[in-house]
Amino acid sequence: MPRGQVDLGTRIQVVGPSCAGKSTLAEELARRLGLEFVELDALFWLPEWTEPSEEAFGVKLMEATGGGRWVM
């Protein structure tokens, strides 16, 4: 690894309060690192802001993160 470069890994979770820019940062990190961008809101919310069952969301989450190379 070149001097000054940090290995962030291949499974990165960006955490913070609402409207802090988490998705923007995660998407840019994914682009720069060549990883998949996983947007939790897109996985979670159903039409008209309906919440899915825990089981249904769990299935979507496992599918989205199964590849092992992502930023969310």
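For the subset of the range 44-58 comprising residues that are within 15 Å of the chain's Cα centre (by Cα) and more than 19 Å from E27 (Cα to Cα), which member is most open to solvent (accessible area, probe 1.4 Å)? If you could, list the steps in order and put the result at the bottom.
Restricting attention to the range 44-58, the residues satisfying the condition of being within 15 Å of the chain's Cα centre (by Cα) are 44-45, 57-58.
From the residues that got through so far, the ones that are more than 19 Å from E27 (Cα to Cα) too are 57-58.
On the way: F57: 45, G58: 26 Å².
The extreme case among them is F57.
Provide a single number: the residues in the range 19-43 that are more than 27 Å from V6 (Cα to Cα) and loosely packed, with under 15 Cβ neighbours inside 10 Å. It would help to see each step written out before you state the result.
Quick first cut of the range 19-43, residues more than 27 Å from V6 (Cα to Cα) only: 41-43.
Right, trim to loosely packed, with under 15 Cβ neighbours inside 10 Å and you get 41-42.
The total comes to 2.
Would you be able to tell me the number of residues in the range 19-72 that are under 18 Å from L8 (Cβ atoms), of a type in the set (A, V, I, L, M) and touching a helix residue (DSSP H, G or I) at 6+ places or on another chain (Cβ under 9 Å)?
Looking only at that region, the number is 4.
The values are calculated or read from the model by the stated rules, or taken from the named source; none is laboratory data. Note that the structure is a prediction, hence the values are computed from the model and not measured. So basically every Cβ, Gly included, is an ideal-geometry build from the backbone, and we count neighbours across all protein chains shown. Please note that ligands, DNA and RNA were not included when accessible areas were found on the heavy atoms of the full protein model with its side chains. Shrake-Rupley method; radii C 1.70, N 1.55, O 1.52, S 1.80 Å.
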